[in-house]
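A.B. asks: Pasting in a structure now, in structure tokens, and then I'll have a few things to ask.
Derivation of every value follows stated rules applied to the coordinates shown; laboratory data play no part. On a predicted model such as this, the values are computed, not experimentally measured, just so you know. Cβ sites come from the backbone with ideal geometry, for glycine too, and all protein chains shown count toward neighbours.
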Amino acid sequence: MLYLENRVAIVTGGAKGMGEAICRKFASEGCTVVVNDLDLETARKVADEITAQGGSAIANKVDQTIQADVIASVEDTVSRYGKVDILINNAGGVAGMHGRGALGTFDMDEFERITDINMRGPLYYLTAVVPHMKKAMYGKIVNFSSIGAMNPVVSVIPYHASKGAIEAMTRNLAFELSTYNINVNVIIPGNIRTPFWGNVVFPDGMDEEEFFRQTVVRQVPIQRMGTSEDIAGAALFLSSGMSDFVTGQKIWVAGGSPDVNPVTVRYDVNI
Ligand SMILES: NC(=O)c1ccc[n+]([C@@H]2O[C@H](COP(=O)([O-])OP(=O)(O)OC[C@H]3O[C@@H](n4cnc5c(N)ncnc54)[C@H](O)[C@@H]3O)[C@@H](O)[C@H]2O)c1
């Protein structure tokens, strides 16, 4: 039995990282996947590979900071397939911040640029998709926060503020839609190795591998970086019938964070 047979999903940021893994996983479960991304060339590659393997996918160029782009892609999806069952509201990031995250290091234009990507964009998608889900009395929405929204180890105020807002919107929308058979949840990724990290400036020119090694030792109880496939598994759970009684929840996919201490903080005593 396939978990997403005859379902239609829009995956934002579907060209790379977690979004790409979700597209591939969902297609392998029988879902038609709409791969939306700023980067059309890579999104097309993902959609073409899925199609070549017998799946169903299309790619769209969407800059989610432009509401008209988002509306056009959602309307196109509905006119092609008649519905949107699943919204994976995943695209986001810190492109171009270059270490300017602490108070006083960014101006309001920068604040707006980052909140446009991480807060307005997802809100545009929710606004465009939810009326269709309400009409169908069916929907699965998965939003994306970040471990740093509530447990920062680096100061990136515009990004973390946006992600905190996403968590609040998730809870509010789950409440608003709870009688429409529409589930709204949010994944909180921990340290996941994706192209996202290409936008991050490592301390004092530290080597990327050394940075990840130290991150894992200090921060990740399971003692490895997460993978996009780790996220895709959680997204599948939240997008399928397996989670019909789950809404308004924050699902940490973070190798044990924030509740479990990393093994490196164990005390070597017997009690
Ligand atoms: N990687 C991590 O460790 C990590 C940790 C916490 C949270 N997150 C969050 O998880 C989500 C996925 O992250 P990822 O690591 O896969 O990122 P990624 O950078 O690997 O991929 C993000 C994708 O979003 C697309 N995108 C960026 N801006 C866009 C825009 N304006 N319109 C449309 N598409 C746009 C990019 O082109 C890219 O394909 C993001 O919301 C990110 O903030 C990531």
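A.B. asks: With springs only between Cα atoms under 10 Å, which of VAL94, VAL74, VAL260 fluctuates most in a Gaussian network model of the chain?
C.D. replies: VAL260
A.B. asks: How big is the convex hull of the Cα atoms of region 51-205, per residue, in Å³? Present the calculation step by step, with values, prior to reporting the outcome.
C.D. replies: Numbers: hull volume 21.1 nm³, N = 155.
Here the figure is 136 Å³ per residue.
A.B. asks: Below 8 Å, C-alpha to C-alpha, sequence gap of six or more: please give me the relative contact order for region 8-265 in percent. Could the numbers behind the result be given before it?
C.D. replies: On the way: 488 pairs, mean separation 50.7, N = 258.
Here the relative contact order equals 20 percent.
A.B. asks: Moving on. If packing is taken as the mean number of other Cβ atoms within 10 Å per residue, what is the order of 244-257, 56-69, highest first?
C.D. replies: Numbers: 244-257: 16.8, 56-69: 18.9.
Per-residue mean Cβ counts within 10 Å order the peptides as 56-69, 244-257.
A.B. asks: OK, next. If we sort 17-27, 78-88 on the protection proxy, mean other Cβ atoms within 10 Å, highest first, what's the order?
C.D. replies: Numbers: 17-27: 26.5, 78-88: 19.5.
Sorting 17-27, 78-88 by mean packing, highest first, produces 17-27, 78-88.
A.B. asks: In Å, the Kirkwood hydrodynamic radius of region 130-271 over pairs of distinct alpha carbons?
C.D. replies: Numbers: mean 1/r = 0.0596 Å⁻¹.
Roughly 16.8 Å, rounded to one decimal.
A.B. asks: If you build the Cα gyration tensor of region 1-125 and take the root of 5 times each eigenvalue, what three semi-axes come out, in whole angstrom, biggest first?
C.D. replies: Gyration-tensor ellipsoid for region 1-125: 29, 15, 12 Å.
A.B. asks: Taking the Cα atoms of the chain, report the difference between the largest and smallest coordinate on each principal axis, in whole Å and largest first.
C.D. replies: Largest to smallest, the principal-axis extents are 59, 48, 40 Å.
A.B. asks: Which of rounded, prolate, oblate describes region 1-68, given a ≥ b ≥ c as roots of the alpha-carbon gyration tensor eigenvalues and a/c under 1.5 marking rounded, otherwise prolate only if a/b is larger than b/c? Write down the numbers at each step before the final one.
C.D. replies: On the way: a/c = 2.14, a/b = 1.65, b/c = 1.30.
Cα axes put region 1-68 in the prolate bin.
A.B. asks: What number, in nm² with one decimal, is the all-direction average of the projected area of the convex hull of the alpha-carbon atoms of region 77-145? Spell out each step's value before the answer.
C.D. replies: On the way: hull surface 22.5 nm².
Orientation-averaged projected area of the Cα hull: 5.6 nm².
A.B. asks: Right, something else. Cα axis of helix 17-28 to longest principal axis of the chain: angle in degrees, 0 to 90, nearest 10?
C.D. replies: For helix 17-28, the angle is close to 40 degrees.
A.B. asks: How do the peptides 128-136, 201-209, 140-148 rank, highest first, by the average count of neighbouring beta carbon atoms within 10 Å per residue?
C.D. replies: Details: 128-136: 17.9, 201-209: 9.7, 140-148: 25.4.
The peptides rank, most packed first, as 140-148, 128-136, 201-209.
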